[in-house]
Amino acid sequence: MTEKLSDTARKSLIDPLVANGWTVDAEADRIAKTYEFADFTEAFAFMTRAALWAEKWNHHPDWSNSYNRVTISLTTHDVGGLSSLDAKLARKMDQIRED
Ligand SMILES: C[C@H](O)[C@H](O)[C@H]1CNC2=NC(N)=NC(=O)C2=N1
């Protein structure tokens, strides 16, 4: 069952993401990050890989792409805020980015 993160869970799940460049929009209860790649091909390859995980986990990013940049915003629409799924997808995106 997906639920909004508790204050304790935010400390353990969201704080490490913030240390890794994610920002928190407290009002919208979202996390965001922009990745910059060498070119469009690299950016789109990242999106393709991330999209497969998003579909596998049935948890989808709000994102946009402009040439070599991918701007990502994560929240859980079903609960109206951050859930553990957002942290899980953010960690996966950081991992894909480093591959
Ligand atoms: C019906 C479907 O399972 C839901 O709408 C899923 C799909 N992907 C989703 N993605 C995100 N980010 N939040 C959701 O609440 C969500 N819900």
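Odds and ends about this structure:
- Radius 13 Å from Cβ of VAL79, net charge of other residues (Lys, Arg +1; Asp, Glu -1): -2
- Seen against the Cα atoms of the chain and their longest principal axis, helix 40-56 is set at about 40 degrees.
- Counting 0.36 nm for each residue step from THR2 to THR71 and taking away their Cα separation leaves a gain of 22.4 nm.
- Here's the list of lysines a cross-link from LYS11 could span, going by alpha-carbon distance under 17 Å and ignoring same-chain residues fewer than 8 apart: LYS88.
- The length gained on full extension between TRP57 and GLU98, counted as 0.36 nm times the residue separation minus their Cα-Cα distance, comes to 12.7 nm.
- Förster radius 35 Å - calculated FRET efficiency between VAL24 and ALA45, Cβ distance, rounded to 0.05: 0.80
- Counting Lys and Arg as +1 and Asp and Glu as -1 over every other residue whose Cβ lies under 14 Å from the Cβ of ILE14, the net charge comes to +1.
- Order of LYS92, LYS56, LYS4 - criterion: other Cβ atoms within 10 Å of each residue's Cβ, fewest first: LYS56, LYS4, LYS92
- Over the chain, DSSP H runs of length four or greater, each weighted -39,500 (n - 2.57), average out per residue to a 222 nm ellipticity of -13500 deg cm²/dmol.
- Summing charges over all other residues whose Cβ lies under 15 Å from the Cβ of VAL70, with Lys and Arg as +1 and Asp and Glu as -1, gives -2.
- Restricting the calculation to Cα atoms, every distinct pair contributes to the Kirkwood radius of the chain, found to be 13.6 Å.
None of the figures in this text is laboratory data; all of them are computed from the coordinates on show. The structure presented is a predicted model; accordingly, all values stated were derived computationally and were not measured. Cβ atoms come from the backbone with ideal geometry, glycine included; neighbour counts cover every protein chain shown.
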